[in-house]
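The next block holds one structure in the form of structure tokens; read it before the comments.
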Amino acid sequence: MSEERGNVIGPPEPSPRANGVNGNGKASPVANGANGANGTNGNGAAKGSKANGANGNGTNGNGANGGVREKPLLPAHLFRGRKLVIIGGTGFLGKVFWSFLLHRYPMVSRIYLLVRPKAGQTAEERFWKEIATSEVLRPLADQYGSGYEMFLRDKIMPISGDVVLPFCGLDADLRDELRGETDAVINASGVIDFDPPLDLALEVNAFGVQNLVTLAKDLGNAPLMHTSTCFVAGTRTGFIEERDPRQHPFPRCGELEKAHWDPDREIAECLDVIEQARHRANDAFRQSHFLDDAKKNLRGRNEPATGKALDDEIERV
């Protein structure tokens, strides 16, 4: 077909908005074959200003310059059949995490839950006495009713360990069993006191994380998901975004020279401070001062100033 414009008769001009490869030009008014959408057969029938006909496919709406449609995230598919090792799962945050996970996604295959033995209890005894009975797990208990214990036994394996130990305390046989079969190591442990003893903070929050990394590598380079403590905010207030630690390795990175910061040196200096404090604390005069302060504190609280109570208070002082 030709088109008459005044005295000029000739072939039709391509639409300024659509240009098919075969010259069809029958495109959506919002698509441009050169810069917008290009149909696979050249008719430019696809829509969407985000698709680039020169580099992409107008039919599918895909283009090198945009319009790529991502697959939907389906957590049920993501968690199905997964095996997880969870550290710090006996604390409040940890219990909330894995109980919520099992409540919403019971298709998780197995959770190996690190439980620190204490007070003469094995890891399994402590799990059933202190953790399975926690109010945090009430939604799970209500959901499964009389089958609650059977469900936990099927999904949870309490394992003995401690984040401060090499490989977090997992013995060699268990690591052999989990190696290559672990989909992720998840950490929710950490000292969260606002003013903890420096040696304890280092033991858990610094050396404990090193043990976690070693464990994840030993289990076949399993992905490690780490829950940071509030201390990553430093002294900043308001909304604090936790950035990639490779770009923002410490809280005051915006104030201090990043190149001068060395974590190994920081830890070494902390260990030196700890050693000096211990040396001074062993001084007889200071020991007497600590004893007096401890007794004063206990009497102020109307508590006995002898025996174990006194020993514990001296430690706190």
Check your understanding: Top to bottom by accessible area (1.4 Å), largest first, where do 288, 146 land?
Key -> 146, 288
Exercise for review: Give, in nm to one decimal, the length gained when the segment between residue 93 and residue 252 is fully stretched (0.36 nm per residue of separation minus the Cα-Cα distance).
Suggested key: 54.6 nm
**Study point:** Cα-based Kirkwood hydrodynamic radius, the stretch 186-239, one decimal, Å
**Key:** 12.4
Check your understanding: In what order, largest first, do 299, 82 sit by accessible area if the probe radius is 1.4 Å?
Key -> 299, 82
Check your understanding: Hey, got the Cα dimensions of the stretch 101-160 along the principal axes, in Å, largest first?
Key -> 32, 22, 17
Practice item. Can you send over the solvent-accessible area of residue 118, 1.4 Å probe, protein chains only, in Å² to the nearest 10? Key: 90
Exercise for review: Work out how far the C-alpha atoms of the stretch 208-317 reach from end to end along every principal axis, then list the three figures in whole Å, largest first.
Suggested key: 50, 38, 30
Check your understanding: Considering only 102, 76, 131, whose Cα is most displaced toward the positive end of the charge dipole of the stretch 73-141, charges sitting on Cβ of Lys, Arg (+1) and Asp, Glu (-1)?
Key -> 76
**Study point:** Probe 1.4 Å - accessible area at residue 261, Å² to nearest ten
**Key:** 80
Point to revise | Among 121, 91, 152 - extreme Cα towards positive end, dipole of the stretch 86-171, charges at beta-carbon | key: 91
Exercise for review: Equivalent ellipsoid semi-axes for the stretch 111-210, as square roots of 5 times the alpha carbon gyration tensor eigenvalues: give them largest first, rounded to whole Å.
Suggested key: 26, 19, 13
Revision key, fill the gap. For the stretch 259-313, the percent of accessible surface on carbon and sulfur atoms (probe 1.4 angstrom, ligands and nucleic acids excluded) is 52
Review point. Full extension from residue 74 to residue 213: what is 0.36 nm times the residue separation minus their Cα-Cα distance, to one decimal in nm?
Key: 47.2 nm
Study note, to complete from the structure: So the FRET efficiency between residue 176 and residue 100, C-beta based with R0 = 41 Å and rounded to 0.05, is 0.85
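The values are calculated or read from the model by the stated rules, or taken from the named source; none is laboratory data. Because the structure is predicted, anything quoted here is derived from the model rather than measured. Ideal geometry is used to build each Cβ from the backbone, glycine not excepted, and the neighbour counts take in all protein chains shown. To get the accessible areas, we keep the full protein, side chains included, count just its heavy atoms, and leave off ligands, DNA and RNA. Shrake-Rupley method; radii C 1.70, N 1.55, O 1.52, S 1.80 Å.
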